[in-house]
Amino acid sequence: MMRHAAFFIILFCATALGVDISTHVKSGDIWKESMQKTMQGARIKRPDAEHVLTPELTIGSITTGEVVIAHKDLTPISMQAMLYNKGDDGTIDEERYNSIISDTRTAIDELTGVKAKYSGNNKRNSAVKLKTWEWKWEAGVIRLEANSTGKKKKFQPEFIRLNLAADAKTLSSGGASDSVRRSELRDNIVTEDDGTVWLKGIPMVDQGQKGYCMPATLARIFAFYGMDKVDQHSLADLCDSSGSDGTTPKGMEEAMKNVCKSFRSKFIVLEDCATTAKSVTDLYNKQAKRDDKQLITPMSSVFECADADVLRKVRAGKANQVNKWLKDIKKHVDTGTPVIWLVMVGIYQEEIPLPQQRGGHARLIIGYNLKKQTIIYTDSWGEAHARKTMPAANAISMTMGRYVIRLR
């Protein structure tokens, strides 16, 4: 069974009091000493922390954005540092994009004392095409990766990032072992005394403030399957996600059918958004007439405008509706497979306040309790949202779509 290293996501704010780790990277001490020692002054985002402001993390003259650190007992194993990504930073022109790459290459040349080995635009060990530059010296390895499409007026930048580790093998694995076999997924099933069944070990991928809920959710599944190279930024590119507007269900569905072919898995649609919206609209309006509530017009979204009580009556007002839906969730969880869950949040109150008002969102269903008629679910907003519970009737009512990625 695979075992992942623990991960921290460190978010940084602009400040003059930066934490420069270049000396520790150059010497290799960063892979031998605790984060508290090598990153003095950086307040690490703990699992119980919602918002943490930290000094900038720098590597010499290189200033980073989002940083993901794989660690064992708080000693780093590998690190990924974003220098630019479309979701957080918006769109930049080709000149600025190339300037970041050029300045970064010069800085790493000076830091390591070696010249980079360049690999052309290819998909080697990646879900998307990457231009890569790699520096190896006696104390470590650094890989610069850049992803964009088109040229001149059609130029579309996606991300520029650094990956760092003590050696090439660790850099490629990211601190995780090989991908799992389908039969091994059952090892993650936990059954509690009260009848709750849920999946442990699903890594957290924090989308931050950008609209990457779908790429982050998909990345969590691939990481759970030991396929860490399919990260949220690569998936955002493949799904044509926007940092402000998110991902369309159609864009996600088309992208995942192709991605899964390359990563030993199959994308299965359990409940697609278009069909669901049409059927729910018809049923909703019939019930709304009986309850003397406003009808939903074809120009509006049933999930954005619906009355919560009417929606629950239509979709989960009968015991057999709830039982059938929970039985389907059970079928997948009992094989160790999480369910991708597209919802309209903000319709019903949830046990932990959400960072957004009513709107479309992607999350994972990771468990159930048939006796209590509840589900266990998780959001990509950090560890505070890693495991939550909701009545199944509410869950059914707010569902726009459901999917699974099944290992072959």
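The values are calculated or read from the model by the stated rules, or taken from the named source; none is laboratory data. Keep in mind it's a predicted model, so treat the numbers as computed, not measured. Cβ placement follows ideal geometry from the backbone for every residue including glycine, while neighbour counts extend to all protein chains displayed. Quick note on the areas: whole protein, heavy atoms, side chains included, nothing else; ligands and nucleic acids left out. Shrake-Rupley method; radii C 1.70, N 1.55, O 1.52, S 1.80 Å.
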**Prompt:** (1) closer than 18 Å to residue 267 by Cβ; (2) open to solvent by less than 20 Å² (accessible area, probe 1.4 Å): which one isn't true of residue 182, the others all being true?
**Reply:** (2)
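Pick from the range 108-129 the residues that are at pLDDT 90 or above and buried (at least 16 other Cβ atoms within 10 Å of the Cβ): which of them is farthest from residue 29 (Cα to Cα)?
First, the residues of the range 108-129 that are at pLDDT 90 or above: 108-118.
Now narrow it down to the ones that are buried (at least 16 other Cβ atoms within 10 Å of the Cβ): 108, 111-112, 116.
Working: 108: 17, 111: 14, 112: 14, 116: 21 Å.
Restricting to residues being at pLDDT 90 or above and buried (at least 16 other Cβ atoms within 10 Å of the Cβ), the top hit is 116.
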**Fill in**
Checked pairs for the range 257-285, first surrounded by 13 or more Cβ atoms within 10 Å (Cβ to Cβ), second among the charged types (D, E, K, R) and in a strand (DSSP E or B), C-beta under 7 Å and 6 or more apart or across chains, list as 260/266; 265/406; 266/406; 268/406; 270/402; 271/402
**Asked** Of everything in the range 229-256 that's crowded, with 16+ Cβ neighbours inside 10 Å and over 20 Å from residue 210 (Cβ atoms), which residue is farthest from the chain's Cα centre (by Cα)?
**Response** 253
**Prompt:** Does the range 134-162 hold any residues that are modelled with pLDDT of 95 or more, touching a Gly at 6+ places or on another chain (Cβ under 8 Å) and not in a loop (DSSP other than H, G, I, E, B), and which are they?
**Reply:** 137, 140
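Listed here are the residues, each with its yes/no results for (1) within 15 Å of residue 397 (Cα to Cα); (2) hydrophobic (A, V, I, L, M, F, W, C); (3) out of contact with any helix residue (DSSP H, G or I) (no Cβ under 7 Å at 6 or more places or on another chain).
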{"position": "282", "(1), (2), (3)": "yes, no, yes"}
{"position": "285", "(1), (2), (3)": "yes, no, yes"}
{"position": "291", "(1), (2), (3)": "no, no, no"}
{"position": "295", "(1), (2), (3)": "no, yes, no"}
{"position": "305", "(1), (2), (3)": "yes, yes, yes"}
{"position": "316", "(1), (2), (3)": "yes, yes, no"}
**Message:** Tell me the residue from 195, 208 that is touching a helix residue (DSSP H, G or I) at 6+ places or on another chain (Cβ under 9 Å) and either assigned to a loop (DSSP other than H, G, I, E, B) or in contact (Cβ under 8 Å) with a residue 24 or more places away in the chain (or both), please.
**Reply:** 208
**Item:** Top-ranked residue in the range 78-107 [being open to solvent by 30 Å² or more (accessible area, probe 1.4 Å) and in contact with an Asp or Glu (Cβ under 9 Å, 6 or more places away or on another chain); ranked as nearest to residue 133 (Cα to Cα)]
**Value:** 80
